[in-house]
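Comments concern the structure below.
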Ligand code: FES
C-alpha cells in the first residue's frame with residue numbers, strides 16, 4: 001500500500017482497488033485564519049483529484065474544502081460517505097456536483113473491486129466535530145491494513161482491531177481548538193493551561209497508539225498555521241511550552257522520549273510504502289526533515305508573504321453593514337433557542353456577545369443570548385456566564401451566509417476573545433453549532449437519550465462507572481487517577497471521585513465510591 005502525504009489530514013492512498021483521496025484541504029479556512037502546514041498548494045491537485053474514491057471525513061473546513069472540491073476534484077470520483085445522522089455532508093457534496101456515492105453503514109465493511117475492503121466508523125454525538133467525525137479503515141488485497149483515525153476520537157478501537165493487525169495508523173496529535181489562547185487570562189495562567197492541553201494531546205494520542213499497536217504511526221491532522229499578522233503568534237515558533245500547536249517533529253521527538261520510534265512524518269509530497277509484513281519506507285520532498293523543520297519560521301514567513309493579498313481580499317468580503325444584526329439574530333435564533341430544551345438548561349444563564357468595529361477594541365453593540373428566558377436582546381448590564389468579543393463584521397458575514405455552525409466558522413477562526421465565570425460549559429458551544437432546525441433537533445434527541453451507564457470498574461481503590469460521563473470513553477483504558485481525582489484522557493475532563501462532581505464542566509457527575517464502600 002502506498003500513502004502519499006498531501007498535507008494536514010489529507011492523504012492519497014493507493015490500493016489494488018485504485019486510489020482514495022482523503023480530506024483534500026488547500027484553501028484557507030475559518031475566516032482565512034487556518035492554512036495547511038506545510039504549504040501544499042504546489043501539489044498537482046488536478047492529478048490527485050482524479051482519484052477513484054474520495055473520502056471527506058467530516059464537515060470541518062480543514063477537511064471539507066469547498067473550493068478545492070469544486071475546482072480540482074473530479075465529480076466522477078466515487079464518494080465513500082460516512083453514515084451521519086444529518087444529511088448535510090452528502091447534500092454539500094451533491095451541491096458541488098458529486099453524484100457517485102457509496103453510502104457506508106457505520107462500522108460495516110464494504111467490499112471494493114480488486115479485493116479491497118473499507119470501513120468507516122461515524123461518531124455522531126453533538127460534540128464530535130460538526131455533529132459528526134469519522135475514521136477510515138482500509139484493507140488492501142494483500143492484507144495490508146491502514147487506519148486513518150484522522151482527528152476523530154473513537155471510544156472503542158476493537159471495531160478496527162477485530163479485523164486483524166493494523167500496519168499504518170494515522171492520527172492527530174496537535175491541538176485544533178481555541179482554548180486557552182483566546183481566553184482573557186493572565187499570561188502565566190494561559191501558558192499553564194496551554195501546557196496541560198499540549199501534554200494531554202500527546203498523552204491521548206499515545207493511548208491510541210498503544211491500543212492500536214500498529215507497525216507504523218503517522219502523525220497527521222495538524223497543526224494548521226496562522227498567516228494573518230493578527231494571529232501569527234499562535235504558531236509554535238516562539239519556544240512557548242504552552243503552545244497547543246506543536247508540529248510533527250516536536251511530537252516525534254516526544255514519542256522518542258517515550259521509547260516509540262516507529263513513526264513516519266508525511267510532508268506534502270512524502271511517499272510511504274507500507275507492507276503487511278511490517279515493512280515501511282518513505283521518501284520526502286526535502287533532503288533532511290530535521291533541517292527543514294529547523295527553518296520552520298522562514299518557511300512560515302515566506303508562506304505568509306505569499307498569502308498576504310489573499311487574506312486582505314477575504315477580509316474585504318466580511319462586512320455587510322446592511323444587516324440588522326440584533327433583529328436577524330432574533331428572527332433566526334430565538335426559534336432555535338425555544339427548541340433547545342436540554343441545551344438551554346445546560347447553558348443555564350445569559351451569554352453576551354460584544355461586537356467591535358473592524359480592527360478595533362471599540363465595542364459598537366452588545367447582545368445577550370438569554371438561555372433562561374430563551375430570548376435575544378440588547379445588553380442591559382446583565383451578569384453573564386460567558387462573554388465573547390469579536391468584530392461585528394464577522395457576525396454580519398455569518399448571518400449573510402446563513403452559517404448554521406459558528407464553531408466551524410467563528411470559534412475555530414480564533415478571531416475572538418472570551419471570558420467565563422465558572423467551568424467550561426459544553427452546552428454553550430453545542431448551541432452555537434446547532435443553529436438549524438435539523439441540528440438542534442438531533443442534538444436535543446441525543447442529550448435526551450443519554451442514560452447512566454450500569455457497568456462499574458474498580459481502579460486504584462475506587463469503584464466507578466466504566467463509561468465516562470462525558471462521551472462514554474472506557475475509563476478502564478482512558479482513566480487516570482491521582483489523589484482521588486480521575487482524569488479521562490479522551491478529552492481531559494476531571495472528576496473528584498469522593499464527591500462524584502465533575503471539575504471540568506457543569507453537570508456530568510460520575511457514579512463513584514471508595515472500593516471498600518461500594
Ligand atoms: S469521553 Fe470526553 S472526557 Fe471522557
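Structure data summary
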| quantity | calculated |
| --- | --- |
| Residue 426, sole failed condition from (1) more than 26 Å from residue 231 (Cα to Cα); (2) surrounded by 19 or more Cβ atoms within 10 Å (Cβ to Cβ); (3) within 11 Å of the ligand (Cβ to nearest atom) | (1) |
| Within the stretch 453-469, considering residues that are near the ligand (Cβ under 9 Å from one of its atoms) and in contact with a helix residue (DSSP H, G or I) (Cβ under 8 Å, 6 or more places away or on another chain), the one farthest from residue 421 (Cα to Cα) | 467 |
| Elements of type helices (runs of 4 or more DSSP H) contained in the stretch 260-365, each with 3 or more residues being surrounded by fewer than 16 Cβ atoms within 10 Å (Cβ to Cβ) | 289-294, 296-315, 325-339 |
| Unmet criterion (only one of (1) in contact (Cβ under 8 Å) with a residue 60 or more places away in the chain; (2) touching a helix residue (DSSP H, G or I) at 6+ places or on another chain (Cβ under 6 Å)) for residue 197 | (2) |
| Scan of the stretch 488-505 for residues that are surrounded by 18 or more Cβ atoms within 10 Å (Cβ to Cβ), more than 8 Å from the ligand (Cβ to nearest atom) and under 25 Å from residue 177 (Cα atoms), ordered by number | 495, 502, 505 |
| Count of the stretch 473-487 residues which are within 7 Å of the ligand (Cβ to nearest atom) and either over 18 Å from the mean Cα position of the chain (by Cα) or surrounded by fewer than 17 Cβ atoms within 10 Å (Cβ to Cβ) (or both) | 1 |
| Test set (1) surrounded by fewer than 21 Cβ atoms within 10 Å (Cβ to Cβ); (2) free of Cβ contacts under 8 Å to residues at least 60 places away in the same chain - residue 85 fails condition number | (2) |
| Any chance residue 179 is surrounded by fewer than 21 Cβ atoms within 10 Å (Cβ to Cβ) and part of a helix (DSSP H, G or I) | no |
| Hits in the stretch 506-518 - residues which are surrounded by fewer than 22 Cβ atoms within 10 Å (Cβ to Cβ) and either closer than 23 Å to residue 203 by Cα or near the ligand (Cβ under 10 Å from one of its atoms) (or both) | 508 |
| Scope the stretch 147-161; condition away from the ligand (no atom under 16 Å from the Cβ) and farther than 20 Å from residue 467 by Cβ; matching residues | 147, 148, 150 |
| Selection status of residue 171, within 16 Å of the ligand (Cβ to nearest atom) and over 20 Å from residue 425 (Cβ atoms) | no |
| Pair list, Cβ under 6 Å, 6 or more apart: the stretch 459-474 residue without any contact (Cβ under 8 Å) to a residue 40 or more places away in the chain and more than 15 Å from residue 508 (Cα to Cα), other residue assigned to a loop (DSSP other than H, G, I, E, B) and more than 6 Å from the ligand (Cβ to nearest atom) | none |
| Residue among 251, 232 that is at pLDDT 95 or above and more than 21 Å from residue 10 (Cα to Cα) | 232 |
| Residue within the stretch 229-240 that is in contact with a strand residue (DSSP E or B) (Cβ under 8 Å, 6 or more places away or on another chain), part of a helix (DSSP H, G or I) and closer than 29 Å to residue 168 by Cα present | no |
| Residue 405 vs. criteria assigned to a strand (DSSP E or B) and surrounded by 15 or more Cβ atoms within 10 Å (Cβ to Cβ) | no |
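Here is a yes/no grid of residues against (1) crowded, with 18+ Cβ neighbours inside 10 Å; (2) in a helix (DSSP H, G or I):
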residue: 189; (1), (2): no, yes
residue: 192; (1), (2): no, yes
residue: 195; (1), (2): no, yes
residue: 198; (1), (2): yes, yes
residue: 204; (1), (2): yes, yes
residue: 208; (1), (2): yes, yes
residue: 214; (1), (2): yes, no
residue: 217; (1), (2): yes, no
residue: 223; (1), (2): yes, no
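The values are calculated or read from the model by the stated rules, or taken from the named source; none is laboratory data. Keep in mind it's a predicted model, so treat the numbers as computed, not measured. Because the Cβ atoms are built from the backbone with ideal geometry, glycine has one as well, and the counts that use them run over all protein chains shown.
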